[in-house]
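**Q** Quick one: structure below, then a few questions.
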Amino acid sequence: RVLTRMNLPLSQPAVFRRIRRLKHIEIILKEGVKMDDRRLGFHTRFIMKVKVNPSVYSSMAREKLAPMKEITDLYRTNEDYGLLAFVLVRDVKHYNNFLTQLYNTTNVIDTYSTLVLENQTNKQTISN
């Protein structure tokens with residue numbers, strides 16, 4: 001429908017073939033669904049910087065942080081607090097429990113948290 005409104009009348013099979021080809025050449029990497037976090041009970045988002053022992057950055061990120069269900073995105077940066085995580089939780093109490101669990105990991109030296117008050121982007125994404 002959108003393509004028709006843009007004066008690009010394509011049939012459904014043509015669109016399907018195009019999508020399949022874009023997947024094959026790895027331009028489309030993944031498909032997904034964008035969920036409404038608030039309706040699922042997750043009302044609080046934090047941006048968290050994590051300082052860990054420098055010799056274990058990669059293994060810490062891969063083995064300890066990435067599997068944590070509260071962490072939606074995880075990046076390694078070139079700063080002193082070298083891991084940057086986006087964290088989604090139900091409320092502040094849930095975040096405190098999450099931090100306690102994180103600090104029980106021996107290689108965490110410190111964290112720096114920022115509470116996200118409001119999302120200002122208006123991007124429509126289909127995967128998290």
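The values are calculated or read from the model by the stated rules, or taken from the named source; none is laboratory data. Keep in mind the model is a prediction, meaning the values are calculated, not measured. All Cβ positions, glycine included, derive from the backbone under ideal geometry; neighbour counts span all protein chains shown. What goes into the accessible areas is simple: the full protein's heavy atoms, side chains included, and nothing from ligands, DNA or RNA. Shrake-Rupley method; radii C 1.70, N 1.55, O 1.52, S 1.80 Å.
**Q** Calculated from DSSP H runs of 4 or more alone, at -39500 (n - 2.57) each and per residue, what is the 222 nm mean residue ellipticity of the chain, nearest 500? Don't skip to the end; give the middle numbers.
**A** Details: 3 runs with 29 residues, N = 128.
Estimated from H runs of four or more residues: -6500 deg cm²/dmol.
**Q** Now for a separate question. Highest mean first, how do 13-23, 37-47 rank when packing is the count of other Cβ atoms within 10 Å averaged over residues? Please list the in-between numbers first.
**A** Values: 13-23: 11.4, 37-47: 13.8.
So the peptides 13-23, 37-47, ranked by packing, come out 37-47, 13-23.
**Q** Tell me, what is the per residue accessible area of region 75-120 in Å², probe radius 1.4 Å? Walk me through the numbers on the way to the answer.
**A** Values: 3190 Å² over 46 residues.
Accessible area per residue, region 75-120: 69 Å².
**Q** Carbon and sulfur: what percent of the chain's accessible surface (1.4 Å probe)?
**A** Carbon and sulfur atoms account for 52 percent of the accessible area of the chain.
**Q** Aspartates and glutamates near K51 by alpha-carbon distance under 13 Å, same-chain residues fewer than 8 away left out - which ones?
**A** Cross-link targets: E79, D80, D110.
**Q** Could you work out, for the chain, what percent of all Cα-Cα pairs fall into each 5 Å distance bin, beginning at 0 Å and stopping at the bin that holds the largest distance?
**A** All Cα pairs considered, the percentages come to 2, 8, 15, 17, 14, 12, 10, 8, 6, 5, 3, 0.
**Q** Which lysines does K30 reach when only Cα atoms under 21 Å apart count, and residues fewer than 8 places away in its own chain are ignored?
**A** K69, K123
**Q** Can you give me the P(r) profile for region 12-87? Cα pairs, bins 5 angstrom wide beginning at 0, each as a whole percent.
**A** Using 5 Å bins, I get a P(r) of 3, 12, 17, 14, 11, 13, 14, 9, 4, 2, 0 for region 12-87.
**Q** While we're looking at this one, here's another question. Using θ = phi - 60° and the Karplus relation 6.51 cos²θ - 1.76 cosθ + 1.60, list the HN-Hα couplings for region 36-46 in order, rounded to whole Hz, with x at every Gly or Pro.
**A** 8, 4, 5, 5, 8, x, 9, 9, 10, 10, 10
**Q** How much length would be gained if the chain were fully extended between I27 and S59, taking 0.36 nm per residue of separation minus their Cα-Cα distance, in nm to one decimal?
**A** Taking 0.36 nm per residue and subtracting the Cα distance, the gain is 8.6 nm.
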